[in-house]
Structures are given as structure tokens and as C-alpha cells.
Amino acid sequence: MERLNSLASWREFAQATRDAHRRVALVATMGALHEGHASLVRRARQNGDVVMLTSFVNPRQFSDVADLSRYPHTPDADVDLARQNGVDAFITPTLKEMWPDYPADTLTTVSVRTLGDVLEGVGRPGHFDGVASVVAKLLVVSGPCRAYFGEKDYQQLVVVRRMAHDLSFDVDVVGCATQRDATGLALSSRNARLSSAGRERATSLSRALRAARESTAPASARRTLMREVMVAAGVEVAYADIVDPDTLAPRTDADPRPARALVAGVVEGVRLIDNDAIELE
Ligand code: PAF
């Protein structure tokens with residue numbers, strides 16, 4: 001695995017990969033790597049891509065400074081996991097290279113309106129501007145590629161797809177299935193901050209989604225059901241919604257097309273999210 005240390009060397013590695021008629025796979029992460037990230041790398045390798053993994057805790061996507069300072073850092077373990085899973089190039093870009101003006105605002109921001117304002121965007125204003133801006137920058141430096149994102153961050157996936165479409169990025173955005181532990185808890189770097197009682201409570205997010213999926217009630221009743229499952233487990237619910245999978249607009253009871261259920265809540269001060277596909281009748 002090549003350890004690259006500048007965006008210029010990243011750009012060169014990506015270009016050399018294309019010159020060798022291989023496809024670049026971008027796996028963008030904020031470090032604290034786990035099996036969910038490993039699954040993105042494996043998927044890219046199955047497609048025969050040369051995997052380039054970035055690890056950068058992007059301050060511009062944290063509206064809450066305390067949340068940023070608590071974000072887990074496991075740099076040595078990250079390098080090991082990347083190497084063991086066959087990553088070809090690894091970079092931890094510096095803050096100076098990524099956002100030279102930080103902590104002052106960077107003048108250029110990529111904002112995907114509407115899609116970035118709902119659901120997670122309500123409780124975390126500016127979050128998706130930060131995500132879209134950093135992903136745009138990584139895509140520009142990487143050049144034409146396939147970019148792999150987990151469905152666990154479903155709204156992020158929708159925002160990135162839309163940005164890539166609207167700005168004509170030469171990228172194929174690949175969504176990959178959420179990885180779960182044996183209890184159904186979606187893998188997340190944030191889980192490391194939960195006690196064992198907290199992890200148990202956090203399983204209510206996936207249980208809420210399952211209850212909604214298995215219900216035959218209209219969308220409005222299923223929203224209430226998801227909320228009830230999480231509240232019963234002691235989760236402070238941020239939202240429990242059923243939306244259009246592309247526009248993220250709330251689904252009405254009368255609309256039977258495939259939909260997406262998304263939930264978010266706070267457990268022991270840790271904000272957790274989960275989602276799944278859902279069929280309405
Ligand atoms: O999902 C993440 O880890 C981050 O939001 C991303 C895509 C790396 C952008 O900072």
C-alpha cells in the first residue's frame with residue numbers, strides 16, 4: 001500500500017492508474033475505520049478497481065464543535081485495516097491542504113439545496129454543505145473514478161449523487177449495503193462511544209425499521225410505530241420518517257411506490273442514524 005502525503009501525489013497516483021488502463025476507486029472516510037469501510041474496499045476490489053482511501057475528519061461538516069472534538073481517532077489501526085483489506089493508496093490529507101483558510105470560512109461552498117436541508121439537515125445545519133464541499137474537492141483531485149459510499153449514510157449518498165449529476169463530475173457513485181453486527185446495529189465509528197447498555201438501546205433503531213417494514217399500516221402509522229419502538233428503548237428521537245428514495249420528500253399514505261425509512265436518535269449523547277428500503281401498500 002502506498003502512503004501518499006500530498007494532494008499532488010494523490011492526483012498523480014490516480015492519473016497513473018488511469019494511464020495503466022485501470023479504474024480508480026475512491027473510498028472517502030473520516031478514519032476510525034471498521035468493517036463497514038472494509039466492505040466498501042472489498043466491493044471496489046471485486047470490481048477490479050485500484051482502491052484509493054482518504055482519511056480526513058472534515059471540520060466543515062460538524063456544526064457542533066464538541067461533536068468534532070469527540071470524533072474517534074485510530075490512525076494506526078486505520079492503516080492496518082486498509083493494508084489488510086488491500087487498499088492500494090492511502091492518504092490522510094492535512095487540514096492546511098484541504099481547507100487552507102480554516103478556521104475562517106472557505107469562500108467556496110457546494111450546497112445541494114432541499115436534499116441537504118431535510119432529515120439530518122434539520123438538526124445539523126450546514127452539515128451537508130460540508131460533506132458536499134469536501135467530497136467535491138476529493139473528486140476533483142481524484143479525477144474520473146468510481147466512488148463508493150455506504151447506504152448507512154443514506155442521505156449523504158443521495159446528496160453526493162445529486163451533486164455529481166448536477167455538476168457533471170466524471171464519477172460513478174456506488175451505494176453499498178449497510179453492514180450490521182449480530183444484534184442488527186448498523187456499524188458506525190460513533191458506536192465506539194457507547195457503553196454496552198447504550199449499544200443495547202441503540203439496537204432499537206434497526207428494530208424500529210424492521211417493525212415498519214413488517215407492518216402493513218399506512219406510512220403515517222408506520223412513522224408513529226418507529227418512534228414508539230425507539231422511545232420505549234429510551235432513545236431521544238430526532239426523526240422517524242418514510243420518504244421518496246431519490247427526492248427525500250415525505251411519502252403520503254396513498255403512494256405505494258418503493259420508499260425509504262430513515263431514523264435518527266441520540267443515545268448517551270451520541271447521535272445515531274439508520275435506514276432501510278420499505279414497501280408501502
Ligand atoms: O461518511 C463520511 O465518513 C464522511 O461524511 C465523508 C464522506 C468522508 C466526507 O467527509
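Of note:
- Hits in segment 166-217 - residues which are without any contact (Cβ under 8 Å) to a residue 60 or more places away in the chain, under 24 Å from VAL57 (Cβ atoms) and of a type in the set (Gly, Ala, Ser): GLY175
- Counting the residues of segment 43-78 that are in contact (Cβ under 8 Å) with a residue 40 or more places away in the chain, more than 12 Å from the ligand (Cβ to nearest atom) and within 21 Å of GLY143 (Cα to Cα) gives 6.
- From the options ALA89, ALA132, residue that is buried (at least 19 other Cβ atoms within 10 Å of the Cβ) and more than 13 Å from the ligand (Cβ to nearest atom): ALA89
- Test for PRO93: is it modelled with pLDDT of 95 or more, at negative phi and under 20 Å from the mean Cα position of the chain (by Cα): yes
- Residue list for segment 1-53, filter: in a helix (DSSP H, G or I) and under 20 Å from the mean Cα position of the chain (by Cα): GLU35, GLY36, HIS37, ALA38, SER39, LEU40, VAL41, ARG42, ARG43, ALA44, ARG45
- Residue match in segment 154-161 (condition: within 12 Å of the ligand (Cβ to nearest atom), over 17 Å from VAL110 (Cα atoms) and either acidic (Asp, Glu) or not in a loop (DSSP other than H, G, I, E, B) (or both)): yes
- Of everything in segment 109-129 that is away from the ligand (no atom under 16 Å from the Cβ) and of a type outside the set (A, V, I, L, M), the residue that is surrounded by the most Cβ atoms within 10 Å (Cβ to Cβ) is ASP117.
- Selected residue (only one of GLN61, GLN84 is closer than 17 Å to PHE149 by Cα and either buried (at least 16 other Cβ atoms within 10 Å of the Cβ) or at pLDDT 95 or above (or both)): GLN61
The values are calculated or read from the model by the stated rules, or taken from the named source; none is laboratory data. For clarity, every value in this text was computed on a predicted model and none was experimentally measured. Reconstructed Cβ throughout: ideal geometry from the backbone, glycine too, with neighbour counts over all protein chains shown.
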